[in-house]
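Colleague: Sharing a structure, written as structure tokens. Questions coming.
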Amino acid sequence: MSDALTRTWRPPYPLDLPRVLAPLRRGSGDPTTRVEAGELWWGTTTATGPATLRLRKDRDGTVLATAWGPGAHLVLDGVPDLLGASDDDTGFVAVHDVVERGRRASRGVRLCASGRVWDVLVAAVLEQKVTNREAWRSWRELCWRFGSRAPGPVEKLWVAPDPVQLRRIRDWEWHRAGIDGARRRTLIAAASVAGRLERAVELRGAEGRELLQKVPGIGPWTAAEVAQRAWGDPDAVSVGDFHLPTIVGTALVGHPLDDEGMLEALAPYAGHRHRAVRYLGAIGVNRPRHAPRMPIRNYRTM
């Protein structure tokens, strides 16, 4: 514990720590996050190396942050934005009752901004055109086998493989992790320009998403998923999502939609379309039970 760096920060707004950071967690078995005894642990890559961040909120609302590793100072500097300090809902108006109910249910929830493209990009690419169950299994495999143990006192906490580590993975090891050729090629292409992709956080908005899409295999869906987490983009809609048009359509107009119809339904929320979708999720709006399910593939036959 002696090599730890610390800081305190008191948010000027109500803060629901677990819910704000929930988008960074890839399933309950995510090896890069850990929630226990009122504390949240997060292992991540940074520009200066891996880091571990521990967050705990005091009774008076003050956040106590402790960090370890070569990137400790960077993750501590980023704590306010990580917990939603840069999130600005100015101009947002809930024009649908269901969205307004979601807004009221989201007290203490803001859009997080990790400030880092790489980790969320890897996870988002793994989630392309497969079920969450498949993607999260592959995420665990990559972290356990090719990442590194997170710095600090927690043994069962891991950091995702950085671009150098990822490019060293051999073909048969990708297959063993359940990752097909298309996603593998996208990840390798992204790793070769990973440093330049981090500039998307500075560009933000549509320009940041466009930069990400210069990598072959990264389209609007993946770019939006990264933008939502890396810089808390309030307008990044996950166009191309298997279930989202059905969820948005059923909630806002009473029937499923396609992508074009979803964007039309969300048009009143221009600038805050992702925020509106998050509010729908806050009250449990989900796809109808009779909606088609994406099949789980047998990765051994790929």
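The values are calculated or read from the model by the stated rules, or taken from the named source; none is laboratory data. It should be emphasised that the depicted structure is a prediction, and the values quoted were computed from it without experimental measurement. Cβ atoms come from the backbone with ideal geometry, glycine included; neighbour counts cover every protein chain shown. Areas reflect the complete protein model, heavy atoms only, side chains present, ligands, DNA and RNA absent. Shrake-Rupley method; radii C 1.70, N 1.55, O 1.52, S 1.80 Å.
Colleague: Look through 103, 54 and report the one residue that is of a type in the set (Lys, Arg), modelled with pLDDT of 95 or more and touching a strand residue (DSSP E or B) at 6+ places or on another chain (Cβ under 9 Å). Break it down stepwise before answering.
Modeller: On the way: 103 fails: touching a strand residue (DSSP E or B) at 6+ places or on another chain (Cβ under 9 Å).
Exactly one of 103, 54 is of a type in the set (Lys, Arg), modelled with pLDDT of 95 or more and touching a strand residue (DSSP E or B) at 6+ places or on another chain (Cβ under 9 Å), namely 54.
Colleague: Being buried (at least 22 other Cβ atoms within 10 Å of the Cβ) and closer than 15 Å to residue 280 by Cβ: is that true of residue 111 here?
Modeller: Here the answer is yes, as residue 111 does meet what is asked.
Colleague: Inside the stretch 175-201, can you point out the residues that are open to solvent by 60 Å² or more (accessible area, probe 1.4 Å) and hydrophobic (A, V, I, L, M, F, W, C)?
Modeller: Within the stretch 175-201, 188 is the sole residue that qualifies.
Colleague: Let me ask something else about it. For residue 155, which of the numbered conditions (1) in a loop (DSSP other than H, G, I, E, B); (2) free of Cβ contacts under 8 Å to residues at least 12 places away in the same chain; (3) open to solvent by less than 70 Å² (accessible area, probe 1.4 Å) fails to hold?
Modeller: So the condition that residue 155 fails would be (3).
Colleague: For the condition closer than 21 Å to residue 241 by Cα, of a type outside the set (Asp, Glu), open to solvent by 70 Å² or more (accessible area, probe 1.4 Å) and assigned to a helix (DSSP H, G or I), what is the one hit in 172, 144, 136?
Modeller: Result of the check over 172, 144, 136: 136.
Colleague: If you don't mind, another one. Go through the stretch 228-273 and count every residue that is outside any helix (DSSP H, G or I), farther than 23 Å from residue 212 by Cα and open to solvent by less than 30 Å² (accessible area, probe 1.4 Å).
Modeller: Here the count works out to 0.
Colleague: Same structure again: Criterion first (open to solvent by less than 20 Å² (accessible area, probe 1.4 Å), more than 18 Å from the chain's Cα centre (by Cα) and of a type outside the set (D, E, K, R)) does residue 31 satisfy it?
Modeller: no
Colleague: Could you check the stretch 2-28 and list, in sequence order, the residues that are more than 24 Å from residue 106 (Cβ to Cβ) and open to solvent by 40 Å² or more (accessible area, probe 1.4 Å)?
Modeller: Listed by number, the residues that qualify are 2, 3, 5, 6, 7, 8.
Colleague: Let me ask something else about it. From 3, 81, grab the single residue that is charged (D, E, K, R) and either without any contact (Cβ under 8 Å) to a residue 12 or more places away in the chain or within 19 Å of residue 227 (Cα to Cα) (or both).
Modeller: 81
Colleague: Would you call residue 208 in a loop (DSSP other than H, G, I, E, B) and in contact with a helix residue (DSSP H, G or I) (Cβ under 9 Å, 6 or more places away or on another chain)?
Modeller: no
Colleague: Can you run down the residue pairs with Cβ atoms below 9 Å, 6 or more apart or on separate chains, where the first is in the stretch 165-188 and within 22 Å of residue 50 (Cα to Cα) and the partner is of a type in the set (Val, Ile, Thr) and open to solvent by 20 Å² or more (accessible area, probe 1.4 Å)?
Modeller: 166/188; 167/188; 169/188
Colleague: Further question: Can residue 65 be described as touching a residue at least 24 places away in the same chain (Cβ under 8 Å), within 21 Å of residue 116 (Cα to Cα) and open to solvent by less than 30 Å² (accessible area, probe 1.4 Å)?
Modeller: Yes, satisfied.
Colleague: Would you mind stating whether residue 122 is open to solvent by less than 20 Å² (accessible area, probe 1.4 Å), in contact with a Pro (Cβ under 8 Å, 6 or more places away or on another chain), on the phi < 0 side of the Ramachandran plot and at pLDDT 95 or above?
Modeller: Against the criterion (open to solvent by less than 20 Å² (accessible area, probe 1.4 Å), in contact with a Pro (Cβ under 8 Å, 6 or more places away or on another chain), on the phi < 0 side of the Ramachandran plot and at pLDDT 95 or above), residue 122 qualifies.
Colleague: Another question about this same structure. Open to solvent by less than 50 Å² (accessible area, probe 1.4 Å) and part of a helix (DSSP H, G or I) - does that describe any residue in the stretch 211-219?
Modeller: yes
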